[in-house]
1. So how long is each side of region 46-109 along the principal axes, counting just the alpha-carbon atoms, biggest first, in Å?
2. Where in region 178-242 are there trypsin sites (Lys or Arg not before Pro) that are in a DSSP coil and have at most 15 other Cβ atoms within 10 angstrom of their Cβ?
3. Angle, helix 70-81 long axis vs. longest principal axis of the chain, Cα atoms, 0 to 90°, nearest 10?
4. For a quick check, take a GNM of the chain with Cα springs below 10 Å and name the residue from Thr208, Thr148, Thr12 with the largest mean-square fluctuation.
5. Give the average over all directions of the projected area of the C-alpha convex hull of region 109-224, one decimal, in nm².
6. Amide H of Met156: which non-local residues (sequence gap of 5 or more, or other chain) have their own amide H closer than 5 Å, using H built in the peptide plane?
7. About the Cα centre of the chain, how large is the charge dipole given +1 on each Lys and Arg Cβ and -1 on each Asp and Glu Cβ? Please answer in debye to the nearest 20.
8. Can you list the residues, at least 5 places off or on another chain, whose amide H is less than 5 Å from the amide H of Ser220, using H built in the peptide plane?
Amino acid sequence: MIKAVVFDLDGTLYRGSQAIRGAPDALKKLRENGARVLFLTNAATRSRKDVAEKLCSMGIKAGKEEVYCSAYFLARYIREHYPDKTVFVVGERGMAEELAEVGIRHVERDAGIVAVGLDRQFTYEKLARAHEELGKGAILLASNKDSTFPTERGFMPGAGSIVASVETASGREAHVVGKPNCFGLEIIKQDHRLENKEILVVGDRIETDILFAKECGAKSVLVMSGVSKKKDIRNIVPDYVIESVAEFSLP
Ligand SMILES: [Mg+2]
């Protein structure tokens with residue numbers, strides 16, 4: 001019995017600033033049928049509030065408390081595991097905002113943690129600073145390792161490309177809190193009192209969304225409106241495949 005549907009965003013509900021055709025109506029119908037609608041994105045550049053506003057502007061009703069982004073997971077992870085540590089941020093405003101909101105202190109020197117996400121103002125100097133902090137013993141965390149993300153310009157380098165440069169310099173491996181790590185699903189289950197079997201994950205990328213559902217024990221739906229195509233289904237097999245979210249109905 002599915003009680004909550006967790007939707008990926010890019011490639012699933014929208015592409016760039018354009019809603020996928022039929023997405024607003026499909027989600028409205030789902031809400032009318034009593035299902036809880038949640039949103040989960042690996043993007044770490046925007047805060048939950050920004051994402052909720054973007055969805056609302058496309059006609060998709062969304063509240064901040066229904067939105068989960070990897071910047072928020074970073075904040076929750078640090079608060080849970082390292083509440084006393086300070087953070088050097090390689091990331092954008094959304095990430096800094098989520099960390100500040102749970103009271104995590106952002107510093108430029110002597111950080112306990114280096115947190116890395118997509119940063120479109122990334123420079124050699126930031127890489128060097130992160131490297132120095134890691135050399136002094138800081139813990140390395142990452143929002144996600146997505147190699148690319150879809151934009152109006154096509155696929156552009158994602159957080160994974162930046163994380164890789166920090167990892168390469170330091171010889172360390174980042175701990176990832178976004179998909180496919182199950183930390184996000186644990187947070188969603190806690191916040192909404194849900195069990196694995198009550199959750200359905202809908203996404204467009206096999207190696208993040210569908211792998212995430214599989215690893216974490218939830219059912220999954222692959223949509224064809226984004227990155228993955230039917231020919232890409234090999235080892236990681238979704239429970240359902242649909243053309244786009246417009247076709248979505250509860251199983
Ligand atoms: Mg996606």
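1. 42, 21, 14
2. Those satisfying the criteria are Arg193, Lys229, Arg234.
3. Roughly 60 degrees between the two axes.
4. Comparing Thr208, Thr148, Thr12 in the GNM, the peak value goes to Thr148.
5. One quarter of the hull surface, i.e. the mean projection, equals 8.7 nm².
6. Long-range HN contacts for Met156: Phe149, Thr151.
7. 400
8. Those lying under 5 Å, H to H, from Ser220 are Val201, Asp239, Tyr240.
The values are calculated or read from the model by the stated rules, or taken from the named source; none is laboratory data. This structure is a prediction, so every number in the text was calculated from the model and none was measured. Neighbour counts run over all protein chains shown; Cβ positions are idealised from the backbone, glycine included. Quick note on the areas: whole protein, heavy atoms, side chains included, nothing else; ligands and nucleic acids left out. Shrake-Rupley method; radii C 1.70, N 1.55, O 1.52, S 1.80 Å.
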